[in-house]
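The values are calculated or read from the model by the stated rules, or taken from the named source; none is laboratory data. As the structure is a prediction and not an experimental result, all values here were calculated from the model. We place every Cβ from the backbone using ideal geometry, glycine too, and count neighbours over all the protein chains shown. Just the protein is used for accessible areas: all its heavy atoms, side chains included, with ligands, DNA and RNA removed. Shrake-Rupley method; radii C 1.70, N 1.55, O 1.52, S 1.80 Å.
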Amino acid sequence: MKLTNSRLLNCKFWLDIFFPNRCPCCGKVIVWDRLLCEDCKSNLPFLDDTPWQMRYAEKAGESPFVFDYAVSAFAYEDIAVDGIYTLKNGIGANFAEYAGEILCDKLENDGKSRVDIVTAVPMSRRKKNARGYNQAELLAKHIAKALDLQTDFKILKRTSDSLEQHKLDSRQRHEFAQKIYYKNPKSAPIKDKAVILCDDVFTTGATMNKCSSILKDMGAKEVYCVSICCTDKKFSTPEE
Ligand SMILES: [Zn+2]
């Protein structure tokens with residue numbers, strides 16, 4: 001075994017001694033180098049290969065989507081909801097990594113894996129300071145690493161706000177997104193670049209659409225929206 005592959009050099013191996021590795025969906029203790037338990041792996045609500053235009057079209061409502069492609073790994077239901085919950089509460093990083101693997105396969109299968117930049121929907125500074133990280137950036141980092149791409153989280157910004165988005169209906173979410181996301185004036189140029197935009201849950205698409213339109217206004221050639229979960233047509237409302 002090469003020294004660089006040795007588990008003795010893997011920080012996950014050492015962390016496991018003090019903080020046992022757990023399945024992000026059910027909480028069961030799992031081997032240090034696993035991401036989920038086998039039961040949850042087989043019970044996750046994987047999305048089928050329905051063409052993306054069909055899957056997301058009904059969510060667009062009065063604001064046609066401007067992005068060029070979208071993909072999610074799971075339906076936002078059952079244990080995938082638990083995975084998102086733990087991801088937002090600091091103990092579900094495994095879920096972002098596992099979803100990242102599924103999403104990279106889908107991107108490669110759909111011929112969308114060769115892009116220039118991977119970015120993420122920004123979080124307000126207040127919320128990011130409180131949580132310690134942005135779960136959308138966590139997903140973006142796993143995807144960029146797996147596809148050997150660069151991340152850039154200084155393209156988009158979000159105002160601080162006290163509104164809880166999960167209480168808004170679809171129209172209100174689109175109006176809200178219009179107001180809170182904007183271009184970072186200090187962003188590096190992205191003209192003619194293809195961009196992967198990551199988020200945790202695709203609900204109405206209001207957030208992804210607004211961020212995509214900013215990227216397009218900045219000159220992005222293509223924008224691919226990548227999310228861990230997608231709510232169904234009945235529109236459930238994930239916690240922000
Ligand atoms: Zn499990």
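Numbers at a glance
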{"quantity": "Residues that are away from the ligand (no atom under 16 Å from the Cβ) and open to solvent by 60 Å² or more (accessible area, probe 1.4 Å), drawn from segment 16-51", "calculated": "Ile17, Phe18, Phe19, Asp48, Asp49, Pro51"}
{"quantity": "Failed item, numbered, when Gly90 is tested on (1) over 19 Å from Thr203 (Cβ atoms); (2) within 13 Å of the ligand (Cβ to nearest atom); (3) of a type in the set (Gly, Ala, Ser)", "calculated": "(2)"}
{"quantity": "Residue that is nearest to the chain's Cα centre (by Cα) [pool: residues in segment 105-116 that are open to solvent by 20 Å² or more (accessible area, probe 1.4 Å) and in contact (Cβ under 8 Å) with a residue 40 or more places away in the chain]", "calculated": "Lys112"}
{"quantity": "Residue match in segment 88-104 (condition: in contact with a helix residue (DSSP H, G or I) (Cβ under 9 Å, 6 or more places away or on another chain), surrounded by fewer than 24 Cβ atoms within 10 Å (Cβ to Cβ), among the hydrophobic types (A, V, I, L, M, F, W, C) and under 20 Å from Leu215 (Cβ atoms))", "calculated": "no"}
{"quantity": "Odd one out for Lys191, checked against (1) open to solvent by 10 Å² or more (accessible area, probe 1.4 Å); (2) under 20 Å from Gln172 (Cβ atoms)", "calculated": "(2)"}
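Residues are listed down the side, and each one gets a yes or a no for (1) hydroxyl-bearing (Ser, Thr, Tyr); (2) assigned to a helix (DSSP H, G or I):
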residue: Ala130; (1), (2): no, yes
residue: Leu138; (1), (2): no, yes
residue: Lys145; (1), (2): no, yes
residue: Lys154; (1), (2): no, no
residue: Gln172; (1), (2): no, yes
residue: Ser187; (1), (2): yes, no
residue: Asp192; (1), (2): no, no
residue: Leu197; (1), (2): no, no
residue: Thr204; (1), (2): yes, no
